[in-house]
Amino acid sequence: MDRKELSAVVLELLEKETGETYPSVEESTTLREGLNLDSLDMAGLVLHIESRFGISIETELLDSIHSVGDLLNVLQTKIDTKAGRNKSAA
């Protein structure tokens, strides 16, 4: 999955979690200030993401996620790692 597709899925899950519509979100947009996400919104978004992609995002990683770009970086790493494991298991 390329970054543009990943960004679209995250935007979809974000809108599902918050009930808000975000016409466009830049990678530099902060999650808390830029998108007005509180800790409950973040927890819900992470649960949606984990469920959708079949990954787990450790609590320690959440502390390093401040912007949409940070979130995409973590997701891309997690998804790539999972794909690598799946290929080696086949």
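Which number do you get for Rg(Cα) / (2.2 N^0.38 Å) in segment 3-84?
This ratio for segment 3-84 stands at 1.00.
Within the chain, count lysine pairs with alpha carbon atoms under 21 angstrom apart where the residues are 8 or more positions apart or belong to different chains.
Close lysine pairs under the 21 Å cut-off: 4.
Would you mind ranking Met1, Met42 so that the residue whose beta carbon has the fewest other beta carbons within 10 Å leads the list?
Placing the least packed residue first, the sequence is Met1, Met42.
Under the rule that an exposed site lies in a DSSP loop and has at most 13 other Cβ atoms within 10 Å, name the longest stretch of the chain with no GluC sites (Glu not before Pro) of that kind, not counting the sites themselves.
Maximal segment without exposed cleavage sites: 59-90.
Helix 68-89: angle to the longest alpha-carbon principal axis of the chain, degrees 0 to 90, nearest 10?
Computed tilt is about 20 degrees.
Using Cα atoms only, what is the angle between the long axis of helix 39-53 and the major principal axis of the chain, expressed in degrees (0 to 90) to the nearest 10?
Helix 39-53 and the main axis of the chain meet at about 30 degrees.
Charges at C-beta only: +1 for Lys and Arg, -1 for Asp and Glu. How large is the resulting dipole of the chain about its Cα centre, in Debye rounded to 20?
The dipole magnitude comes to about 540 debye.
Report the residue, chosen from Thr29, Thr18, Thr59, that carries the largest GNM mean-square fluctuation when the chain is represented by alpha-carbon nodes joined by springs under 10 Å.
Comparing Thr29, Thr18, Thr59 in a Gaussian network model of the chain, the most mobile one is Thr59.
How high is the relative contact order of the chain? Use alpha-carbon pairs under 8 Å, at least six apart in sequence, and give a whole percent.
Averaging sequence separation for qualifying contacts and normalising by length gives 34 percent for the chain.
Would you grab the residues whose amide H sits under 5 Å from the one on Arg32? Only those 5+ places off in sequence or on another chain, please, with H modelled 1.01 Å from N.
Excluding prolines and chain starts, which carry no amide H, the hits are Leu37.
Working from Cα positions, state the angle (0 to 90°, nearest 10) between the long axis of helix 3-18 and the longest principal axis of the chain.
Tilt of helix 3-18: around 50 degrees.
Bear in mind these aren't lab numbers, they're just calculated from the coordinates by the rules spelled out. Nothing here was measured: the structure is a model prediction, and the numbers come from that model. Here Cβ is always computed from backbone atoms with ideal geometry, including for glycine, and neighbour counts include all displayed protein chains.
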